Amino acid sequence: EAQVTQNPRYLITVTGKKLTVTCSQNMNHEYMSWYRQDPGLGLRQIYYSMNVEVTDKGDVPEGYKVSRKEKRNFPLILESPSPNQTSLYFCASGVLGSNEQFFGPGTRLTVL
Amino acid sequence: DQQVKQNSPSLSVQEGRISILNCDYTNSMFDYFLWYKKYPAEGPTFLISISSIKDKNEDGRFTVFLNKSAKHLSLHIVPSQPGDSAVYFCAASKERAGTASKLTFGTGTRLQVTL
């Protein structure tokens with residue numbers, strides 16, 4: 001089944017404790033992206049990647065890192081999480097040249 | 001600065017009637033527009049899109065209209081069905097070719113279709 005998977009789905013952590021949210025897609029998509037969804041703000045793009053080893057900042061990249069060492073994986077790294085990073089995170093993938101993006105089920109992160 | 005705005009947080013429509021969801025944008029560099037649908041506990045799914053060179057795009061019960069001079073687009077669902085109840089996000093991209101590399105989303109409108 002073609003899908004985007006994210007792990008974990010739910011995470012509660014404390015300020016300053018490094019964490020990684022994994023994202024994997026099995027559709028051989030070149031494009032991958034991370035978004036966060038917050039009440040009243042919609043989805044905001046954090047980082048995106050057009051291909052392996054190619055990443056770029058979205059609208060809200062501060063406090064996040066990403067890497068794209070393999071085509072299928074695009075982990076989101078929070079080196080020192082803070083409470084304002086409490087949010088619902090979505091990973092997405094797509095084919096370059098197509099407008100359609102496929103989203104994962106989301107990761108709900110709470111930073112205390 | 002919200003460049004893509006969906007001013008109605010919620011909308012309730014009777015089954016069988018038309019649902020009209022609105023979206024306004026401020027950045028004239030946006031060239032490609034998309035609508036996504038989101039059910040609870042799931043990720044958004046792509047619904048329909050429109051390029052700025054068109055003013056209408058239709059796909060089954062879903063039609064998107066674009067008024068570039070007014071910087072306004074709308075999604076029409078006819079007829080509305082209970083399964084259409086979801087949150088709808090409008091999104092915009094500056095890339096005409098639809099690479100969708102950098103999407104700017106609106107805040108979403110929750111549509112409830114009642115029996």
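Which value results when the Cα radius of gyration for the stretch A:1-101 is divided by 2.2 N^0.38 Å? Working shown, then result.
Numbers: Rg = 13.1 Å, N = 101, 2.2 N^0.38 = 12.7 Å.
Ratio of Cα Rg to 2.2 N^0.38 Å: 1.03.
Treating cross-link reach as a plain straight distance, find the aspartates and glutamates whose alpha-carbon is under 17 Å from the alpha-carbon of residue A:69, omitting any fewer than eight places away in the same chain.
Qualifying aspartates and glutamates at Cα under 17 Å: A:30, A:53, A:56.
Taking Cα centroids, how far is the stretch B:45-114 from the stretch A:68-112 in Å?
23 Å
Taking N as the number of residues in chain B, what value does Rg over Cα atoms divided by 2.2 N^0.38 Å take? Don't jump to the answer; show the numbers that get you there.
Values: Rg = 13.3 Å, N = 115, 2.2 N^0.38 = 13.4 Å.
It is 1.00.
Taking chain A as a Gaussian network, Cα atoms linked when under 10 Å apart, which of A:33, A:93, A:80 shows the biggest mean-square fluctuation?
Top of the fluctuation ranking is A:80.
Starting from the Cα of residue B:78, move 7 Å in the Cα-to-Cβ direction to define the label point; list residues of the stretch B:5-21 whose amide nitrogen is under 17 Å from there.
B:13-21
Could you tell me the number of lysine pairs in chain B with C-alpha atoms less than 21 Å from each other, where the two lysines are 8 or more residues apart or belong to different chains?
Value for chain B: 24.
R0 = 25 Å: FRET efficiency of residue A:41 with residue A:69, Cβ-based, nearest 0.05? It would help to have the intermediate numbers written out before the result.
Numbers: r = 30 Å, r/R0 = 1.22.
With R0 = 25 Å, the Cβ-Cβ based efficiency is 0.25.
Compute a Gaussian network model of chain B, connecting alpha carbons closer than 10 Å, and tell me which residue from B:91, B:41, B:70 fluctuates the most.
B:41
Just B:93, B:52, B:19 to compare: in a GNM of chain B, with alpha carbon springs under 10 Å, which one fluctuates most?
In the Gaussian network model the winner is B:52.
How high is the relative contact order of the stretch B:4-115, given as a whole-number percent (alpha carbon pairs under 8 Å, six or more residues apart)?
Values: 276 pairs, mean separation 42.1, N = 112.
Rounded, it is 38 percent for the stretch B:4-115.
Taking the Cβ of each residue in B:4, B:13 as the centre, tally the other Cβ atoms inside 10 Å and list the residues starting with the fewest. Show your work: numbers first, answer last.
On the way: B:4 23, B:13 19.
Exposure proxy ranking, most exposed first: B:13, B:4.
Looking at the stretch A:24-68, which chymotrypsin sites (Phe, Trp or Tyr not before Pro) are in a loop (DSSP not H, G, I, E or B) and have at most 12 other Cβ atoms within 10 Å? Let's see the in-between values first.
Values: sites: A:31, A:34, A:35, A:47, A:48, A:64; in loops: A:64.
Answer by residue number: there is no such site.
Report, for the protein assembly as shown, the % of DSSP beta bridges that are antiparallel, rounded to 5. Could you put the intermediate results ahead of the total?
Details: 71 of 80 bridges.
Here the share of antiparallel DSSP bridges comes out near 90 percent.
What residues from the stretch A:96-111 fall in the zone where the backbone N is under 11 Å from a label point 7 Å along the Cα-to-C-beta line of residue A:27?
A:96, A:98-104
Residue by residue through the stretch A:45-52, which ³J(HN,Hα) values in whole Hz follow from phi under the Karplus form 6.51 cos²θ - 1.76 cosθ + 1.60 (θ = phi - 60°), with glycine and proline marked x?
7, 9, 8, 9, 9, 8, 5, 4
For the protein assembly as shown, what is Rg from Cα atoms divided by 2.2 N^0.38 Å, rounded to two decimals?
Values: Rg = 17.4 Å, N = 227, 2.2 N^0.38 = 17.3 Å.
The reported ratio for this selection is 1.00.
As a footprinting exposure proxy, order A:32, A:27, A:50, B:29 by other Cβ within 10 Å, with the fewest listed first.
Working: A:32 27, A:27 13, A:50 16, B:29 9.
Lowest to highest Cβ neighbour count: B:29, A:27, A:50, A:32.
Computed from the coordinates by the stated procedures, all read-outs in this text should not be read as laboratory data. Everything quoted here is computed from the prediction, not taken from an experiment. Neighbour counts run over all protein chains shown; Cβ positions are idealised from the backbone, glycine included.
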